[in-house]
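Accompanying notes for the structure given below.
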Amino acid sequence: MNVLEIKNLSVSYGDKLVIKDLSMDIKKNKITAIIGPSGCGKSTLLTTINLLLEENGGQFTGQILFNGKDILSYEKKDVRRMIGMVFQKPTPFPFSVYKNLTYAPKYYGIRDKKKLKDIVENTLKRVGLYEELKDELNRSATKLSGGQQQRLCIGRALTVEPEILLLDEPCSALDIKNTANIERLLKELSKDYTIVIVTHNLSQAKRISDYTAFILDGKLIEYDETEKIFSNPKDRRTKEYVEGIFG
Ligand SMILES: Nc1ncnc2c1ncn2[C@@H]1O[C@H](COP(=O)(O)OP(=O)(O)OP(=O)(O)O)[C@@H](O)[C@H]1O
Ligand SMILES: [Mg+2]
């Protein structure tokens, strides 16, 4: 089933066209990797899906269907809840661990203390931080290690029960060990969530994704099962990119 259907999407900033007539469907409960050289439009694609594009000074034509309905027909705040976003640099709020994980649920109306406490506990368990942080809920999130911060940010997105998680180079500021932790976590989360990950790290795309989309200069060149993209791509440009001939 396709949770997102992107149809003839073109995106521009002012008169600069950066995504060109891109169509692709995103499959539910799978990990889709977006790869392509710097500046090809990967982050722009994510911000368009999340309806952050306008705030970044861009506009789009074409259509994005979310569960079969035009994404523009939803309230922005509902889209942001249902489609969570995690960025390259961990961006915890400069508050306690507890407040980072209760901020969004409170914003969406949950007041009950016990419920909030359960959300914090379950989320920490979900992202593998419970043992490390259960006695440090009042610790400032910005004092955590980079890997912990990024897991907390993924957790924060999960606190409002999204359907899709968009991640823009979530591991590029992390070391190998923390990267492996996040990859394991994403694999696990893909049982319950649809995951779209932008990555420069081709072996990461190969390791964790089910589908891979290769974008070049704003155009979708090839989109297929990851296995096929890396072992038997149809397009010469895809082949050259995954072989590291250009990047
Ligand atoms: N807010 C903006 N205003 C104007 N131009 C922008 C803006 N954001 C991105 N661009 C331009 O749009 C194009 C696509 O940028 P984008 O950030 O989506 O690429 P990317 O594939 O994510 O690159 P990278 O791999 O370096 O993160 C680039 O030419 C970039 O300069
Ligand atoms: Mg980017």
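What follows draws every value from the coordinates through simple rules; no lab data is involved. All values reported here derive from a predicted model rather than from experimental measurement. No Cβ is skipped: glycine too gets one built from the backbone with ideal geometry, and neighbour counts run over all protein chains shown.
Putting +1 on Lys and Arg Cβ atoms and -1 on Asp and Glu Cβ atoms, find which of T179, T199, I6 reaches farthest to the positive end of the dipole of the chain.
Final value for the positive-end residue is T179.
Report the one residue of Y98, Y223, T44 whose Cα lies farthest in the direction of the positive end of the charge dipole of the chain (charges on C-beta: Lys and Arg +1, Asp and Glu -1; origin at the Cα centre).
Checked the options; the winner is Y98.
Once you put a point 7 Å from the Cα of N29 and another 7 Å from the Cα of E188, both along the Cβ direction, what distance in nm separates them?
In this crude spin-label approximation the distance works out to 1.8 nm.
Order by neighbour count: I31, I119, I229, fewest other Cβ atoms within 10 Å first, most last.
I119, I31, I229
Set the Förster distance to 51 Å, then compute FRET efficiency between D15 and D135 from the Cβ-Cβ distance, nearest 0.05.
Once the sixth-power term is evaluated, E becomes 0.40.
On each of the three principal axes of the Cα atoms of region 2-242, give max minus min coordinate, whole Å, ordered largest first.
53, 39, 29
For region 91-247, give the magnitude of the charge dipole about the Cα centre (Cβ charges: +1 Lys/Arg, -1 Asp/Glu; no others), in debye to the nearest 20.
620
Which residues in region 85-121 have a backbone N closer than 18 Å to a point placed 7 Å from the Cα of A173 along the Cα-to-Cβ line?
So the set is 85-97, 100-101.
Name the long-range amide H neighbours of S96: under 5 Å, sequence gap of 5 or more, or other chain; modelled H, no Pro or chain starts.
It is A141, by chain and number.
So what's the gap between the Cα centers of region 53-81 and region 121-181, to the nearest angstrom?
26
Rounded to the nearest 500, what is the chain's calculated 222 nm mean residue ellipticity when only DSSP H runs of at least 4 contribute -39500 (n - 2.57) each, over all residues?
Computed mean residue ellipticity for the chain: -10500 deg cm²/dmol.
Could you check the simple spin-label distance between K219 and K113, using points 7 Å along Cα→Cβ, in nm with one decimal?
Here the modelled spin labels are 6.1 nm apart.
Per residue of region 191-197, what does 6.51 cos²θ - 1.76 cosθ + 1.60 with θ = phi - 60° give for ³J(HN,Hα)? Whole Hz please, x for Gly and Pro, Karplus curve as stated.
Values per residue, Gly and Pro as x: 5, 10, 10, 8, 10, 10, 10 Hz.
Identify the GluC sites (Glu not before Pro) of region 144-218 meeting these criteria: DSSP loop state and at most 11 other C-beta atoms within 10 Å of the C-beta.
none
Sorting S10, S190 on the 10 Å Cβ count, fewest up front, what's the list?
S10, S190
Past 19 Å, Cα to Cα, is the threshold; run K42/K206; K69/K228; K30/K99; K28/K191; K20/K187; K187/K219 against it and keep the listed order.
Going by Cα-Cα distance, K69/K228; K30/K99; K20/K187; K187/K219 fall outside the 19 Å limit.
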